Amino acid sequence: MPQCNDAIEVVILDSASTDDTREVVNAYEGKIHNLTYVYSKEKSGIDIDMARTVALATGKYCWLMSSDDAMTSDAVSLLMQELKVGYELYICNRIVCDAFLNPIRHRRWLRKNVSKTVFNLSNRQELFSYLDAAIEFGAVFSYMSVLIFKREEWNRIPYDPSFTGTGYAHVKRIFGIITNHGKLKYIELPLVLNRSFNDSFLEIGIVNRFMLDIDGYIQLSDSVFPNDPLLAKGILRVMILEHPWYQVVKLRAFVEDEQQWRTIKKKLVYCGYHEDFINIVGFLRKIKPLIKIAVRLRHDYNRSVWHKHLFSLKHYIKSLARSTS
């Protein structure tokens with residue numbers, strides 16, 4: 001780990017893994033001076049694991065990192081420069097990669113034309129501006145590997161057990177930092193290599209995975225802004241960017257029970273999906289087999305080497321077009 005030095009602390013919480021995690025960590029003992037490794041015999045879930053990991057840390061700032069993501073080669077040095085200013089919260093961009101961490105594309109959380117990079121999100125109007133600038137779900141802190149925060153500010157916000165199992169207990173605490181007095185610095189450079197198309201939550205099934213976001217962010221918006229419906233809806237608007245119309249079509253194809261679909265439909269409308277669109281999607285149950293085949297083909301394509309190659313070709317053609325214009 002060439003980016004590690006005496007100023008960097010590495011905390012690893014191994015939540016009952018069955019692979020060779022312990023052996024890999026042992027190989028780095030002695031090479032990394034500030035390395036803490038804790039093995040848990042039982043799986044506690046991502047919400048409790050993140051809280052426990054931060055509790056084990058001693059540094060001024062914490063950078064959450066998923067086990068299947070990685071940092072860019074100069075991420076630590078760039079971040080250390082940013083931290084000198086001392087904001088409460090930082091969020092960086094990332095590079096979407098294939099399963100082998102080969103870069104596919106750079107992705108941003110905010111629009112390119114947003115000139116502002118520091119937001120006082122405890123100010124209602126600035127929070128509105130930030131939500132309006134958001135173009136992807138990670139802007140509202142869903143993606144842990146791009147979040148850096150002051151540990152003392154995190155510790156001021158107690159863990160909310162009602163979020164255990166949602167996957168978003170850490171987001172509740174981040175919003176707690178924000179509503180107190182938190183300033184956020186948006187780092188436009190990508191500092192994270194995101195191994196995409198590798199969603200472990202899909203193990204619970206496509207419908208449950210979709211509803212994890214819907215239910216989690218409804219709970220977040222209601223609990224963080226119970227008396228401000230406009231801000232609550234603003235958060236949900238960003239959340240549904242993760243699930244455009246074709247994702248809802250996919251969802252409908254995998255919902256077998258009609259009573260379940262009626263319940264889901266109410267939640268979708270509450271989040272901001274147009275009711276007429278949801279009604280149209282409801283009729284697509286007649287072509288479920290075709291939709292399921294399309295989903296499988298898309299899944300296989302995303303995880304294949306062709307995804308990277310075709311995107312690289314598209315990027316090369318665009319570069320040629322720009323150079324000749």
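Just to be sure, is residue 77 at pLDDT below 95, hydroxyl-bearing (Ser, Thr, Tyr), in a helix (DSSP H, G or I) and under 25 Å from residue 60 (Cβ atoms)?
Judged against the criteria, residue 77 is a match.
Would you point out which residue out of 93, 26 is without any contact (Cβ under 8 Å) to a residue 24 or more places away in the chain and either more than 21 Å from the chain's Cα centre (by Cα) or in the same structural domain as residue 153 (by TED's automatic domain parsing) (or both)?
Being without any contact (Cβ under 8 Å) to a residue 24 or more places away in the chain and either more than 21 Å from the chain's Cα centre (by Cα) or in the same structural domain as residue 153 (by TED's automatic domain parsing) (or both) holds for just one of 93, 26, which is 26.
Scan segment 125-149 and report the pairs whose first residue is under 21 Å from residue 214 (Cβ atoms) and whose second residue is assigned to a helix (DSSP H, G or I) and among the charged types (D, E, K, R), with Cβ atoms within less than 8 Å and a gap of 6+ or a chain change.
Close Cβ pairs satisfying both conditions: 131/237; 136/242; 137/213; 137/242; 142/213; 142/242.
For the structure I just gave you, tell me whether residue 78 is more than 24 Å from residue 169 (Cβ to Cβ) and touching a residue at least 60 places away in the same chain (Cβ under 8 Å).
Yes.
How many residues does segment 3-24 contain that are outside any helix (DSSP H, G or I), out of contact with any strand residue (DSSP E or B) (no Cβ under 6 Å at 6 or more places or on another chain) and among the charged types (D, E, K, R)?
Going through segment 3-24 one residue at a time, the tally reaches 4.
List, please: which pairs have Cβ atoms under 8 Å, are six or more places apart or on different chains, and start with a residue in segment 278-292 that is within 18 Å of residue 243 (Cβ to Cβ) and surrounded by 14 or more Cβ atoms within 10 Å (Cβ to Cβ) and end with one that is among the charged types (D, E, K, R) and at pLDDT 65 or above?
What qualifies is 278/265; 281/252; 282/252; 282/265; 284/252; 291/250; 291/252.
Looking at 216, 182, 165 in this structure, which one is assigned by TED's automatic domain parsing to the domain that holds residue 63 and at negative phi?
182 is the lone residue from the list that is assigned by TED's automatic domain parsing to the domain that holds residue 63 and at negative phi.
Which of the residues spanning segment 184-199 are surrounded by fewer than 16 Cβ atoms within 10 Å (Cβ to Cβ) and in contact (Cβ under 8 Å) with a residue 12 or more places away in the chain?
Scanning segment 184-199 gives 188, 189, 198.
Taking residue 45, is it over 22 Å from residue 183 (Cα atoms), in the same structural domain as residue 140 (by TED's automatic domain parsing) and touching a Gly at 6+ places or on another chain (Cβ under 7 Å)?
Taking the combined requirement at face value, the residue satisfies it.
Listed here are the residues, each with its yes/no results for (1) of a type in the set (Gly, Ala, Ser); (2) part of a helix (DSSP H, G or I).
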{"site": "190", "(1), (2)": "no, no"}
{"site": "193", "(1), (2)": "no, no"}
{"site": "198", "(1), (2)": "no, no"}
{"site": "223", "(1), (2)": "yes, yes"}
{"site": "247", "(1), (2)": "no, yes"}
{"site": "261", "(1), (2)": "no, yes"}
{"site": "270", "(1), (2)": "no, yes"}
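Out of 114, 118, which single residue is over 30 Å from residue 197 (Cα atoms), β-branched (Val, Ile, Thr) and surrounded by fewer than 19 Cβ atoms within 10 Å (Cβ to Cβ)?
Exactly one of 114, 118 is over 30 Å from residue 197 (Cα atoms), β-branched (Val, Ile, Thr) and surrounded by fewer than 19 Cβ atoms within 10 Å (Cβ to Cβ), namely 118.
Just need a number here: residues in segment 25-57 that are surrounded by 11 or more Cβ atoms within 10 Å (Cβ to Cβ) and either among the β-branched types (Val, Ile, Thr) or not in a loop (DSSP other than H, G, I, E, B) (or both).
Of the residues in segment 25-57, 21 are surrounded by 11 or more Cβ atoms within 10 Å (Cβ to Cβ) and either among the β-branched types (Val, Ile, Thr) or not in a loop (DSSP other than H, G, I, E, B) (or both).
Return the pair list, or none, for Cβ contacts closer than 7 Å from residues in segment 97-108 that are touching a residue at least 60 places away in the same chain (Cβ under 8 Å) to residues that are among the hydroxyl-bearing types (Ser, Thr, Tyr) and buried (at least 17 other Cβ atoms within 10 Å of the Cβ), at least 6 apart or on different chains.
Final answer for the pair search is 97/196.
I need every pair where a residue in segment 42-69 that is of a type in the set (A, V, I, L, M) has its Cβ under 7 Å from the Cβ of a residue that is assigned to a loop (DSSP other than H, G, I, E, B), sequence separation at least 6 or different chains.
46/167; 48/164; 50/64; 51/159; 57/9
Which residue is farthest from the chain's Cα centre (by Cα), if the candidates are limited to segment 129-173 and must be of a type in the set (Asp, Glu) and in a loop (DSSP other than H, G, I, E, B)?
Among those that are of a type in the set (Asp, Glu) and in a loop (DSSP other than H, G, I, E, B), it is 160.
The values are calculated or read from the model by the stated rules, or taken from the named source; none is laboratory data. These numbers were taken from a predicted model, which means no experiment stands behind them. Here the Cβ is made from the backbone with ideal geometry for all residues, glycine too, and neighbour counts use every protein chain on show.
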